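A short write-up of the structure that comes next.
Here, each number is a calculation from the coordinates, and none is a lab measurement. What you are looking at is a predicted structure, and each value in this text was computed from that prediction instead of being measured. When we count neighbours, we look across all protein chains shown, and the Cβ atoms used for this are built from the backbone with ideal geometry, even at glycine.
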Amino acid sequence: MGGFLGDKEVLTKERVKEILRNKEYNFFEEKVNLLEVRDDSLVLKVSFLFEHKTRMIVIEEKEPLVVPFSDFKVEDWGDGIKKMADIE
């Protein structure tokens, strides 16, 4: 039996995926941290923070992601106004 505010929603991983899929959040923040440049790869930590019905929920990967540098597009934007060139 819930109080006068009603029953508190029980969150599961499946429910969190549904909240994200249906965009049932008021606030959403994505964060990527570059932890290390290792050989020809970037080691990244990715996290998401969002608010759902006054509750803040955080999603982080369990282990850092290792992404080959070749998977990234690299561009020269000079003074930041206009793309100057692709960097090979």
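Per-residue 3J(HN,Hα) values for the stretch 53-69, derived from phi via the Karplus relation 6.51 cos²θ - 1.76 cosθ + 1.60 with θ = phi - 60°, read 6, 6, 10, 8, 10, 10, 10, 9, 6, 6, 10, x, 8, 10, 10, x, 4 Hz in sequence order (x marks Gly and Pro).
Taking θ as phi - 60° and the Karplus parameters 6.51, -1.76 and 1.60, the scalar couplings of the stretch 31-38 work out to 9, 10, 10, 7, 7, 6, 10, 10 Hz in sequence order, x denoting glycine and proline. Computed on the stretch 13-86, with alpha-carbon pairs under 8 angstrom and 6+ residues apart, the relative contact order is 22 percent. Projecting label points 7 angstrom from Cα along Cα→Cβ for residue 67 and residue 46 puts them 0.6 nm apart. A simple spin-label model places pseudo-atoms 7 Å from Cα toward Cβ; at residue 74 and residue 10 they are separated by 5.1 nm. A simple rule links phi to the HN-Hα coupling: the Karplus curve 6.51 cos²θ - 1.76 cosθ + 1.60 with θ = phi - 60°, which for the stretch 70-81 gives 5, 6, 9, 8, 10, 10, 9, 10, x, 8, x, 8 Hz, with x for Gly and Pro. With a Cα-only, solvent-free Debye model of the chain, what are the log10 I(q)/I(0) values at q = 0.11, 0.19, 0.25 Å⁻¹? Debye curve over Cα of the chain, log10 I(q)/I(0) at q = 0.11, 0.19, 0.25 Å⁻¹: -0.54, -0.99, -1.17.
A simple count of charges around residue 64, restricted to other residues whose Cβ falls under 12 Å of its Cβ and scoring Lys, Arg +1 and Asp, Glu -1, yields -1. The slack in the chain from residue 53 to residue 34, taken as 0.36 nm per residue of separation less the alpha-carbon distance, amounts to 3.7 nm.
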